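The values are calculated or read from the model by the stated rules, or taken from the named source; none is laboratory data. Everything quoted here is computed from the prediction, not taken from an experiment. Virtual Cβ from ideal backbone geometry, glycine too; neighbours counted across all protein chains shown.
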Amino acid sequence: MVKMTYRGVRNFFLSLSVVILVFVGGYRVGQGKTPQIVKQFTNNKTETVDVADFGKFWEVWKRLEKSYVDPTKLDYAQMTWGSMQGLASSLGDPYTQYLPPKENKATNDDLNGSFFGVGIELGYREGTLAVVAPIKGSPAEVAGVVAGDLILHIKDEKKSLDIDTRGMTLPTAVTHIRGDKGTEVILTLYRDGGEKSFEVTIKRGEIIVPSVDLSFIEKNGASYAHLELHRFGGRTDKEWNEKVAEIISRRPAGVIFDLRNNPGGYLDGAVSVASEFLAKGVVVKQEGRAESEVYSVNRNGSLVNIPLVVLINKGSASASEIVAGALQDNKRAKIIGETSFGKGTVQEVQDLSDGSSLHVTVAKWILPSGSWIGEKGVTPDVVVEDLVANEGEKEIDEQLQKALESF
């Protein structure tokens, strides 16, 4: 997920106006004054369109109040949140969603790098809940979950939960999969190339996610930095600057920039990271329905001249695809690995006063070459599959080996 501030204030007040209009409409329905038309502003043009019949909404609300068997279950906050979730999901875009306060806090905790769960970044594959990437060292990775796995079913005996994921929103899936430390959740997965689905039992634990890892690999008398960026989150800047300073002090012969299983994060972090390696040029273009904005190199990078290879796989998504695509299109680095996830839309996060938020798809990410990330992802210059070692064999990182051979 890419978290935006672009046109944030303007869009917040625009959305606030819409909310006010909705509830004014509802109030008028309650007073027997149903509005028949509304003026809609699109691309600086004013059009008159039929308004939705809010009378039906209030009719259902009142019938529930009057008829539901257990009136103690009528939680008006939950009913209101559910209505707004339905409004967002009616657009058919799984990334446009309303998050009640609890789910919104969980999302922010993810980006800040510490939470309880199994360690899976979630997304969608052709409308089906999917693993974008397991977090490095997480219970999910240890249990054998891999990027691209489809999640078909979630079972948790302690929660009395046994549910298919068809039509499930991301916040709902997160709520179901997370739980107390030490408890277990059973996921039914399907993996490309498999004949049938299979179950994986995962014991939940505390997930503390470092944004950046750095190691050095010696080969043929030379040293190469292996710089792994796991996410673009709240802790990235400080950790990134520390690791870059260490690379500069060690003066390696080259850098292997590893974006595998990086699910994305903040846009400003993506632009800043790309600028570490680029002297100039476009990083990404944001194309909205009415306007667009170009994001270019925005600072003097410290690793502009060092030889560079970038690793990606099908767990590389969103902000990591922006960085890999920008480095590839600006001919700064050779990209090695597998085609990336293909998360090519922009979600603007609009925080609301009660702790909830509205995530709205407002634009597409367009790479400097003009290609849309969401259409096909980023295609590596050298395709190397991440092969799973057979039982008893020593696991070899073929993609990392190929990167070393490229210098």
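In the stretch 181-221, what count of residues is obtained for those that are closer than 19 Å to residue 121 by Cβ and assigned to a strand (DSSP E or B)? Spell out the reasoning first.
Of the stretch 181-221, the ones closer than 19 Å to residue 121 by Cβ are 185, 187-192, 200, 202-213.
Narrowing further to those that are assigned to a strand (DSSP E or B): 185, 187-190, 200, 202-203, 205-208, 212-213.
Residues meeting the conditions: 14.
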The stretch 158-177 residues that are more than 17 Å from residue 99 (Cβ to Cβ), paired with ones that are β-branched (Val, Ile, Thr) and in a loop (DSSP other than H, G, I, E, B) (beta carbon under 6 Å, 6 or more apart): 158/183
Count of residues meeting criterion [buried (at least 24 other Cβ atoms within 10 Å of the Cβ) and of a type in the set (D, E, K, R)] in the stretch 259-296: 1
Filtered residues of the stretch 222-257 (kept if part of a strand (DSSP E or B), more than 27 Å from the chain's Cα centre (by Cα) and not small (Gly, Ala, Ser)): 224
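Are there any helices (runs of 4 or more DSSP H) wholly within the stretch 52-166 with 2 or more residues that are more than 19 Å from the chain's Cα centre (by Cα), and if so which? Break it down stepwise before answering.
Numbers: elements: 54-67, 76-89, 101-112, 139-142.
Of the helices (runs of 4 or more DSSP H) lying wholly inside the stretch 52-166, those with at least 2 residues that are more than 19 Å from the chain's Cα centre (by Cα) span 54-67, 76-89, 139-142.
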Residue count, the stretch 126-147 (criterion: surrounded by fewer than 18 Cβ atoms within 10 Å (Cβ to Cβ) and either closer than 19 Å to residue 182 by Cα or touching a strand residue (DSSP E or B) at 6+ places or on another chain (Cβ under 7 Å) (or both)): 6
Which numbered condition residue 287 misses (of (1) farther than 21 Å from residue 376 by Cβ; (2) of a type in the set (Asp, Glu); (3) in contact with an Asp or Glu (Cβ under 9 Å, 6 or more places away or on another chain)): (1)
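Filter the stretch 297-327 down to the residues that are of a type in the set (Gly, Ala, Ser) and part of a loop (DSSP other than H, G, I, E, B), then identify the one that is surrounded by the fewest Cβ atoms within 10 Å (Cβ to Cβ).
As a first pass, look at the stretch 297-327 and keep what is of a type in the set (Gly, Ala, Ser): 301-302, 315-320, 324-326.
Going one step further and asking which of them are part of a loop (DSSP other than H, G, I, E, B), we end up with 301-302, 315-318.
Values: 301: 18, 302: 14, 315: 25, 316: 34, 317: 30, 318: 34.
This residue is 302.
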Search result, residues across the stretch 178-218 that are hydrophobic (A, V, I, L, M, F, W, C) and in contact (Cβ under 8 Å) with a residue 40 or more places away in the chain: 185, 187, 189, 200, 202, 207, 208, 209, 217
Among (1) of a type in the set (Lys, Arg); (2) over 30 Å from residue 253 (Cβ atoms); (3) surrounded by fewer than 19 Cβ atoms within 10 Å (Cβ to Cβ), the one test that residue 204 misses: (3)
Residue that is within 24 Å of residue 148 (Cβ to Cβ), at pLDDT 90 or above and part of a loop (DSSP other than H, G, I, E, B), where the choices are 361, 339: 339
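If you go through the stretch 367-380, how many residues are β-branched (Val, Ile, Thr) and either at pLDDT 95 or above or not assigned by TED's automatic domain parsing to the domain that holds residue 319 (or both)? Walk me through how you get there before you give the answer.
Start the filter on the stretch 367-380 by keeping residues that are β-branched (Val, Ile, Thr), which leaves 373, 378-379.
Okay, now just the ones that are also either at pLDDT 95 or above or not assigned by TED's automatic domain parsing to the domain that holds residue 319 (or both), so 378-379.
Qualifying residue count for the region: 2.
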